[in-house]
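The values are calculated or read from the model by the stated rules, or taken from the named source; none is laboratory data. All values reported here derive from a predicted model rather than from experimental measurement. Don't worry about glycine lacking a Cβ; one is built from the backbone with ideal geometry, like all the others, and counts go over all protein chains shown.
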Amino acid sequence: MSGLRLEGLVAGHPARNGKGFRLPALDQSVPPGAIVALIGPNGAGKTTLLKTLAGLLPPLAGSITAPRAAYLPPPGAVEAGFSALHVTALGRSHLRRWSSGLAPADLDAARSALERLGVGDLADRPFDRLSSGQQQLVLIARLFVQDAGLCLLDEPLAMLDPAHAQAVEAAIRALAGEGRIVIASTHHLPFAARADRVLTLGTDRVDMASPALAVAPDRIRALFGVQADGCPCCGRPLS
Amino acid sequence: MNRLKAALPTLGLAMLAFAGVVAVLATGPLASSPDALLAALFGHGPPDAELALALRGPRLLAALTCGAALAGAGAGFQILFRNPLAAPDLLGVSSGAGLGAALALLLGAGTALVQSSAFVGGLAAGGLALGCAALTRSGDGRLALILCGVVAGALASAGLGLVVIVAEPYSQLPTITYWLLGSFTRATLAEGLFALAPVCLGAAILLWLGFRLDVLSLGDEQARSLGLPARPLRLTALAAAALMTSAAVALTGIVGWIGLLAPHAARLIVGERAGRLIPASMAIGALFALVIDRLSTGFGPAEIPVGLLSAAIGAPAFLFLFIATSRRS
Amino acid sequence: MTTTRRSALISMGGAIAVAACTRASSPTDNRNVVAAGSPAALLVWAVARERLAGWPRKPGPASLAALPALAAELPELGTLTGGGRPAGLEAIAALKPRLIIDYGGVDAGYQALARRLEDRLGVDWSLIDGALTRIPEAIRQAGGLLESERTAGPLAEEAAEVLEHWRLTPPGPGFYYARGADGLETGFRGALATEVLEGAGWTNVAEGSRDIGRVTREQVAAWDPEVLVTLDHRFAQSVRHDPVWRWRRNGDRRRLLLLPDLPFGWVDRPPSLNRLLGCAWIADPKTATLTIAALSRRLYGMAPAEIPQPRWIQ
């Protein structure tokens, strides 16, 4: 797997009717296997940045050199009535451009991915009957099957109970452990504290730093405008 | 063992379909004994039986083609629009085909020309809807498609109203009215085969798209993230469904509710995956068409238009299914 | 010139001018009868065509070519009863008609409709019974209303004679009446459309329903009629060589009768005086030519050379 290089990347929406926004330019390199936490206030442009890195939105300027990317929307955004196994197996779609169906090998890969994440028994249940946490694990299993070098996750821990949040975090580590770059936006500061890097999106600045610096209380106060001795969303201590 | 269980519904449907086919071929006003019909099948039966088969065969073909095409297109639309109320007429194809046929009948054309005109009319309406929707670049464009389809259908209906007023009341108007109400007995074997070609093409496209339709149903963003070109695929699927619908309406007139009912029934049996839903819908649609064909000619010499029967039976059946499934979940 | 002579000249000139204008406009003044539907239009055309204000439904170009030039000059007004493009009531009223004639059904429904429209338009409305057997009375009644007894009288007598012969026709073959381009619409036994044929003793094989209905080819084959009767030459052409339509159960070839359609159908469209031609022909196909020629001339104003003939299609 190769690394991620951003050269003068300006993500944002083009101005239409005088409304649009631009993020500050990004010049960064991320090695393979790194987990980057993306933090910032609501509306700062985290989702826009993730989608631009995923290739779903065109950048306003600059360039991205990245391996194949996969984007995971926040929990609850994906609705599907077919089985979890089928959802996972669809991760191989990019390989089956011209064939008439998924191969049995795809189903096997899906099944083993699900089992690896501990949700193998959910394989034949309809996806929309699973809980948010279970759905999220299935979608991360799909990321394994998809085998993309760059995984962009939009608030993967939102609305998850602690057990599932832990499982998802472990899965994210496993993703990165296989050499993928994982960039996950989050409000869950302890997760950011445990990441390899933290990318902070302020109102008019963006910088990449080590977690210790990025989640220091004074930085948090400057970023969010609140005093935070513990994690603002769950109250746990920050380090 | 698991595989056999999975194949059971399909086997059951196939057996029902076979029974339906036999029922259509074996009964009719030209009473013929079963062995006479069987002999006629192999080319050496009494002239009565030969005639009966020569007439019932095309009718069977028309019914099966119409039922399967509308059901398959309906399933495709329901997957693409992520809406269980999507019907094959969503893009205005049925209305456009009706207008095409009515215009041809107004100008005094023969049945082959009427069929071609209906086919072209349906594709034109569908193309108009797709084209207008493409002009709006809003996300995955579902709402734009539905609105443009409604507009295309409304325009075609208005045109149809105009034709109805202008038509000669003693000869043209009844013909147009009956054409619009639907019939399986109109078409000859050649016309049935002509319609079968686009239906098979459309069905083949939808079946090949298979899992890609599942991906599309997750949304454009997800589709692109999974490495599929969302817009071209969706356009292809819509065009295939429009092709099937147009061919079916051109062959038999407007037969509603099959495209709405069959996918719902199929969903209960085989689940949501496009790869299974579309073939199962087509089978159920064909079966439904056989049933209403039997009813259409089973009560006296006057033929009850199949469009009326499909609505009279399809609408309550749909309601029943809907209530039953919503009670369950 | 003295004043008196000048004023006399002026007034004479004025009188001549007025007389000229009046004479020039009297043909159009006379067109003050509106026909409520196509059957009535035919009745008025036959009895007093110079008084017809317009067609409820203008005949097609082929029919107009077979009628005198006056037919093409008349405008299309729309129908007040029956099917077809409805007439604008205001446009009808603007014509200031003296009389509206409706010719056809006379049961309570039609009478109520007649009264309602009479009130709305404020014009005299006459509802005349359109039954085939009462055509002579209908013609005389129309003649009285239209002040055209000189034309109506002989026509009514001829019609009565035709109907008399028609009633005495010996029984004929079993037939299926094929309506429309695909021939799958028919009049069942007792329908208005097949009255001419059934009244002449031909047997309508289509039974089991009423009036007009749609059937399948298999049903026609099961009924196995001896003769197919149609007004539609397109249908005749398309089934001419079609074994499904032409071969009977016993192997004989089914006869195909194409009745003329111009300027109006001989049996069906519309259900009006045009049916007399069908009655005349069916009573005695071989020697009816003269009667039909004379009748056509009276009904439509056509020269004998233009009168079409029924054809048995091989």
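For A:Gly101, indicate whether it is small (Gly, Ala, Ser), more than 8 Å from chain B (Cβ to nearest Cβ), surrounded by fewer than 17 Cβ atoms within 10 Å (Cβ to Cβ) and in contact with a helix residue (DSSP H, G or I) (Cβ under 9 Å, 6 or more places away or on another chain).
Considered against the rule, which asks whether it is small (Gly, Ala, Ser), more than 8 Å from chain B (Cβ to nearest Cβ), surrounded by fewer than 17 Cβ atoms within 10 Å (Cβ to Cβ) and in contact with a helix residue (DSSP H, G or I) (Cβ under 9 Å, 6 or more places away or on another chain), A:Gly101 comes out as no.
In the range C:299-314, which residues are at pLDDT 90 or above and farther than 20 Å from C:Val227 by Cβ?
The answer is C:Leu299, C:Tyr300.
Quick one: in the range B:221-251, which of the residues that are part of a helix (DSSP H, G or I) and within 9 Å of chain A (Cβ to nearest Cβ) is farthest from B:Ser117 (Cα to Cα)?
Restricting to residues being part of a helix (DSSP H, G or I) and within 9 Å of chain A (Cβ to nearest Cβ), the top hit is B:Ser225.
For the range B:282-297, does any single residue satisfy the condition of being in a loop (DSSP other than H, G, I, E, B), surrounded by fewer than 23 Cβ atoms within 10 Å (Cβ to Cβ) and touching a helix residue (DSSP H, G or I) at 6+ places or on another chain (Cβ under 6 Å)?
For the range B:282-297, residues in a loop (DSSP other than H, G, I, E, B), surrounded by fewer than 23 Cβ atoms within 10 Å (Cβ to Cβ) and touching a helix residue (DSSP H, G or I) at 6+ places or on another chain (Cβ under 6 Å): absent.
Restricting attention to the range C:245-274, which residues are of a type in the set (Phe, Trp, Tyr) and either within 12 Å of another protein chain (Cβ to nearest Cβ) or assigned to a helix (DSSP H, G or I) (or both)?
Once the filter is applied, which keeps residues that are of a type in the set (Phe, Trp, Tyr) and either within 12 Å of another protein chain (Cβ to nearest Cβ) or assigned to a helix (DSSP H, G or I) (or both), the range C:245-274 yields C:Trp245, C:Trp247, C:Phe264.
Kindly establish whether C:Gly190 is under 30 Å from B:Thr111 (Cα atoms) and surrounded by fewer than 16 Cβ atoms within 10 Å (Cβ to Cβ).
So C:Gly190 fits the description; yes.
So which of B:Ala158, B:Ala167, B:Ala187 ends up being over 20 Å from B:Ala311 (Cα atoms), aliphatic (A, V, I, L, M), at the interface with chain C (Cβ under 9 Å from one of its Cβ atoms) and out of contact with any Cys (no Cβ under 9 Å at 6 or more places or on another chain)?
Going through B:Ala158, B:Ala167, B:Ala187 in turn, the sole match is B:Ala167.
Is there a residue in the range A:50-69 that is more than 30 Å from A:Glu115 (Cα to Cα), out of contact with any Cys (no Cβ under 8 Å at 6 or more places or on another chain), in a helix (DSSP H, G or I) and not aliphatic (A, V, I, L, M)?
Yes; the residues of the range A:50-69 include at least one that is more than 30 Å from A:Glu115 (Cα to Cα), out of contact with any Cys (no Cβ under 8 Å at 6 or more places or on another chain), in a helix (DSSP H, G or I) and not aliphatic (A, V, I, L, M).
When you go through C:Asp124, C:Asp119, C:Asp129 one by one, which is the residue that is over 20 Å from C:Ala280 (Cβ atoms) and without any contact (Cβ under 8 Å) to a residue 12 or more places away in the chain?
C:Asp119
Just to be sure I understand the filter: pairs with C-beta atoms under 8 Å, separated by 6 or more residues or on different chains, first member in the range C:133-155 and part of a helix (DSSP H, G or I), second member among the polar types (S, T, N, Q) and surrounded by 15 or more Cβ atoms within 10 Å (Cβ to Cβ). Which pairs pass?
Short answer, once both residue conditions are applied: C:Gln141/C:Ser126; C:Ala142/C:Ser148; C:Gly143/C:Thr151; C:Leu145/C:Ser126.
In the list B:Gly182, B:Gly141, which residue meets the criterion of being more than 14 Å from chain C (Cβ to nearest Cβ) and either in contact with a helix residue (DSSP H, G or I) (Cβ under 9 Å, 6 or more places away or on another chain) or of a type in the set (Lys, Arg) (or both)?
Exactly one residue qualifies, and that residue is B:Gly141.
State the number of residues belonging to the range A:107-126 that are more than 9 Å from chain B (Cβ to nearest Cβ), under 22 Å from B:Leu209 (Cα atoms) and not aliphatic (A, V, I, L, M).
So the count comes out to 1.
If I ask for residues that are acidic (Asp, Glu) and under 22 Å from C:Leu132 (Cα atoms), which ones from the range C:199-231 would you list?
C:Glu207, C:Asp211, listed by residue number.
Please go through the range A:147-184 and pick out each residue that is among the charged types (D, E, K, R), closer than 14 Å to A:Leu117 by Cβ and surrounded by fewer than 19 Cβ atoms within 10 Å (Cβ to Cβ).
A:Arg173, A:Glu178, listed by residue number.
Here is a check on your reading of the model: is B:Arg212 buried (at least 24 other Cβ atoms within 10 Å of the Cβ), within 14 Å of chain A (Cβ to nearest Cβ) and either over 30 Å from A:Gly149 (Cα atoms) or among the basic types (Lys, Arg) (or both)?
Spelling it out, B:Arg212 is indeed buried (at least 24 other Cβ atoms within 10 Å of the Cβ), within 14 Å of chain A (Cβ to nearest Cβ) and either over 30 Å from A:Gly149 (Cα atoms) or among the basic types (Lys, Arg) (or both).
When the range A:175-228 is examined, which residues are found to be β-branched (Val, Ile, Thr) and modelled with pLDDT of 85 or more?
Listed by number, the residues that qualify are A:Ile181, A:Val182, A:Ile183, A:Thr186, A:Val198, A:Thr200.
Contact list please: Cβ distance under 6 Å, first residue in the range C:244-259 and farther than 29 Å from C:Ile307 by Cα, second residue assigned to a loop (DSSP other than H, G, I, E, B) and at pLDDT 90 or above, pairs at least six apart or on different chains.
C:Arg248/C:Asp224; C:Arg248/C:Arg254; C:Arg249/C:Asp224
Of the residues B:Ile313, B:Ile323, B:Ile254, B:Ile269, only one is part of a helix (DSSP H, G or I), modelled with pLDDT of 90 or more and not charged (D, E, K, R); which?
B:Ile313
Just name the residue that is modelled with the highest pLDDT out of those in the range A:73-84 that are buried (at least 21 other Cβ atoms within 10 Å of the Cβ) and more than 8 Å from every other protein chain (Cβ to nearest Cβ).
The selected residue is A:Ala84.
Could you tell me whether the range C:66-78 includes any residue that is surrounded by fewer than 17 Cβ atoms within 10 Å (Cβ to Cβ), within 13 Å of C:Pro263 (Cα to Cα) and in contact (Cβ under 8 Å) with a residue 12 or more places away in the chain?
The answer is yes; a qualifying residue exists.
Name, by its number, the condition in (1) surrounded by fewer than 21 Cβ atoms within 10 Å (Cβ to Cβ); (2) within 14 Å of chain B (Cβ to nearest Cβ) that does not hold for A:Phe144.
Every listed condition holds for A:Phe144 apart from (1).
Among (1) free of Cβ contacts under 8 Å to residues at least 60 places away in the same chain; (2) over 23 Å from the mean Cα position of the chain (by Cα); (3) surrounded by fewer than 19 Cβ atoms within 10 Å (Cβ to Cβ), where does B:Leu233 come up short?
It is condition (2) that B:Leu233 fails.
Could we say that B:Ile165 is assigned to a helix (DSSP H, G or I), touching a strand residue (DSSP E or B) at 6+ places or on another chain (Cβ under 9 Å) and either among the charged types (D, E, K, R) or surrounded by fewer than 19 Cβ atoms within 10 Å (Cβ to Cβ) (or both) here?
Here the answer is yes, as B:Ile165 does meet what is asked.
Residues of the range C:182-211 being of a type outside the set (Gly, Ala, Ser) and facing chain B (nearest Cβ under 7 Å), which ones?
Once the filter is applied, which keeps residues that are of a type outside the set (Gly, Ala, Ser) and facing chain B (nearest Cβ under 7 Å), the range C:182-211 yields C:Asp182, C:Glu185.
For the range C:273-285, does any single residue satisfy the condition of being out of contact with any helix residue (DSSP H, G or I) (no Cβ under 9 Å at 6 or more places or on another chain) and surrounded by fewer than 21 Cβ atoms within 10 Å (Cβ to Cβ)?
Within the range C:273-285, one or more residues are out of contact with any helix residue (DSSP H, G or I) (no Cβ under 9 Å at 6 or more places or on another chain) and surrounded by fewer than 21 Cβ atoms within 10 Å (Cβ to Cβ).
Select from the range C:219-234 the residues that are part of a helix (DSSP H, G or I) and surrounded by fewer than 22 Cβ atoms within 10 Å (Cβ to Cβ) and write down the one among them that is nearest to the other protein chains (Cβ to nearest Cβ).
So, considering only residues that are part of a helix (DSSP H, G or I) and surrounded by fewer than 22 Cβ atoms within 10 Å (Cβ to Cβ), the one nearest to the other protein chains (Cβ to nearest Cβ) is C:Ala222.
Which count do you get for residues in the range B:9-51 that are within 14 Å of chain C (Cβ to nearest Cβ) and within 20 Å of B:Val270 (Cβ to Cβ)?
0
Out of A:Leu153, A:Leu199, A:Leu160, A:Leu107, I need the residue that is among the hydrophobic types (A, V, I, L, M, F, W, C) and in a helix (DSSP H, G or I). Which one?
None of the other options fit; the residue is A:Leu107.
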